[in-house]
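Structure record follows, encoded as structure tokens.
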Amino acid sequence: MQSGHITAPPTDQPETDPGDTAPAARAERWWRLPLGVQSVLAVGLGALIGTFAPSVGEQLKLLGDIFLNLVQMVVLPLVFPLIVLGIARMESVKKVGRVAGKAILYFEVVTTVILLISVTLAEITGIGRGAPVAGGDTKSLETLDKGVDFHELVLHSIPKNVFAAFTEGNLLAAIVFALFLGVGMAAVGEKSAPFASVLESVSSAMFKVVGYVIRVAPLGVLGFISYDVAHYGFGNLKSLVGFIAVVYAGLAIILGVVFPVIALIYRIRYVDLLKEIGGLVGLAFVTRSSEAVLAPLMGKLEAFGISRSTSSFVVPLGYSFNSDGSVLYQATALVYLAHAYGADTSIPSLLLMVGVLVVLSKGMAGVTSASIVVLLAAGKTVGIPPEGVALLVGVDFIVDMARTAVNVVGNALAAAVVDRSEAKRDAHVGAPEGSS
């Protein structure tokens, strides 16, 4: 007859100490948290480290640099096959030109409108009048003061050596080569199918790699915030708090007025789009690099319903020609410095600023603080010394976070607009004669 008690486990089996599994359980709970929550916790921890242990915070920049290197490692291997496949799958070369034309026209119109808004806002608020301008340290600009040469920009975008372009991480040159290769594949038709299959496999594998890289993003966030707080501190904020406030107000107008109006015109679900890409926008905010979210952004846009052929072409192109948040910052900064130095801020001078920035802002890389380079070149054009730009370097990281996040939203919206325009055209062309 079977006894009713439960047999004890053999005594030769080692008993599990609950304390041994606690660290593993905590680590597992940490990785199960949403990426956005992990990043917020990393921001708080980084701020504490940078404030109370600045020497440690300076050293933790290594984590941020490692994360950005990982991101840059996967950007070109993913973006290149996506662009090639997107163009090769378009019905004709004519469609490639049409999509590119729509995207560039959209970029020009929207950035010009944003520049006019930012100049008007900065002029109305009068920021910079009476600001101290004698303490700028130009040493911080020695590695940035290179200017923007349109002639060199054009040559840089057309690679004479494709492999060198990939080695240098030249995204614009890779886009140009991918454009030609995609058109060539579309021209040869079925003969390109084996190569298209290889590119499809590469892009699928790279999407997996991107997922692995994004999982370590909170460590990069920790490194960046620790370094920023330790290195820059909060001492420079007092005299420039008005400038920062106007920049953030302008960026809020872009997100809350300009973009919703564009979305309404093209019947795009703007709030749903923000929900879809919100986590990536937050990641771009804390890392201050739009490249960090380039690859996963295209995946999110495809999940939102935007065709891969459109998003994989428009978004990388927008990283060079559609920096909405950055151009607002540049225009606001120029007006601030013009007021501080007592320069001419009449309507013709302000329109000159806008015109200069329309040209110089094109081709801006999606990397940290690239706006400073453009600001230096534009400042020279309108007579503002580099010492003035040096005043803004200490707080650049604060506004850089917000303008980078707006850049990401702007490029996502641009892809949605171009895709909706193409969908309307296809529906109109395919409709029976006489129908609307």
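Residues that are in a helix (DSSP H, G or I) and small (Gly, Ala, Ser) within region 154-189 comprise SER157, ALA164, ALA165, ALA173, ALA174, ALA178, GLY182, GLY184, ALA186, ALA187, GLY189, listed in sequence order. Within region 49-70, the set of residues being without any contact (Cβ under 8 Å) to a residue 40 or more places away in the chain and within 26 Å of the chain's Cα centre (by Cα) comprises GLN59, ASN69. When region 182-209 is limited to residues that are without any contact (Cβ under 8 Å) to a residue 60 or more places away in the chain and charged (D, E, K, R), the one that is surrounded by the fewest Cβ atoms within 10 Å (Cβ to Cβ) turns out to be GLU190.
For first residues located in region 312-334 and outside any helix (DSSP H, G or I), partners that are among the polar types (S, T, N, Q) and open to solvent by 10 Å² or more (accessible area, probe 1.4 Å) and lie 6+ apart or on another chain with Cβ distances below 7 Å form the pairs SER323/ASN407. Any residue at all in region 94-117 that is within 29 Å of the chain's Cα centre (by Cα), open to solvent by 80 Å² or more (accessible area, probe 1.4 Å), within 18 Å of ARG215 (Cα to Cα) and at pLDDT 70 or above? No: zero hits.
One residue alone among SER289, SER309 is touching a residue at least 40 places away in the same chain (Cβ under 8 Å) and farther than 21 Å from ARG269 by Cβ, and that residue is SER289. For region 388-405, the criterion of being part of a helix (DSSP H, G or I), more than 30 Å from VAL241 (Cα to Cα), at pLDDT 80 or above and out of contact with any Leu (no Cβ under 8 Å at 6 or more places or on another chain) is met by none of the residues. Residue count for region 118-129, restricted to those that are surrounded by fewer than 21 Cβ atoms within 10 Å (Cβ to Cβ) and either under 22 Å from the mean Cα position of the chain (by Cα) or not in a helix (DSSP H, G or I) (or both): 2.
If we scan region 247-258, do we find a residue that is under 30 Å from PHE52 (Cα atoms), surrounded by 21 or more Cβ atoms within 10 Å (Cβ to Cβ) and of a type in the set (A, V, I, L, M)? Checked region 247-258: at least one residue is under 30 Å from PHE52 (Cα atoms), surrounded by 21 or more Cβ atoms within 10 Å (Cβ to Cβ) and of a type in the set (A, V, I, L, M). Taking every residue in region 336-355 that is polar (S, T, N, Q) and pairing it with any residue that is open to solvent by 30 Å² or more (accessible area, probe 1.4 Å), at least 6 positions away or on another chain, the pairs with Cβ-Cβ distances below 9 Å are THR345/GLU123; SER349/ALA343; SER349/VAL382.
In region 283-310, the residue that is farthest from VAL96 (Cα to Cα) out of those that are touching an Asp or Glu at 6+ places or on another chain (Cβ under 6 Å) and open to solvent by less than 30 Å² (accessible area, probe 1.4 Å) is ARG288.
Among the residues making up region 37-60, those that are modelled with pLDDT under 85 and open to solvent by 40 Å² or more (accessible area, probe 1.4 Å) are VAL37, VAL40, LEU41, VAL43.
The values are calculated or read from the model by the stated rules, or taken from the named source; none is laboratory data. Predicted, not measured: the structure shown is a model, and the values here were computed from it. Cβ atoms come from the backbone with ideal geometry, glycine included; neighbour counts cover every protein chain shown. What goes into the accessible areas is simple: the full protein's heavy atoms, side chains included, and nothing from ligands, DNA or RNA. Shrake-Rupley method; radii C 1.70, N 1.55, O 1.52, S 1.80 Å.
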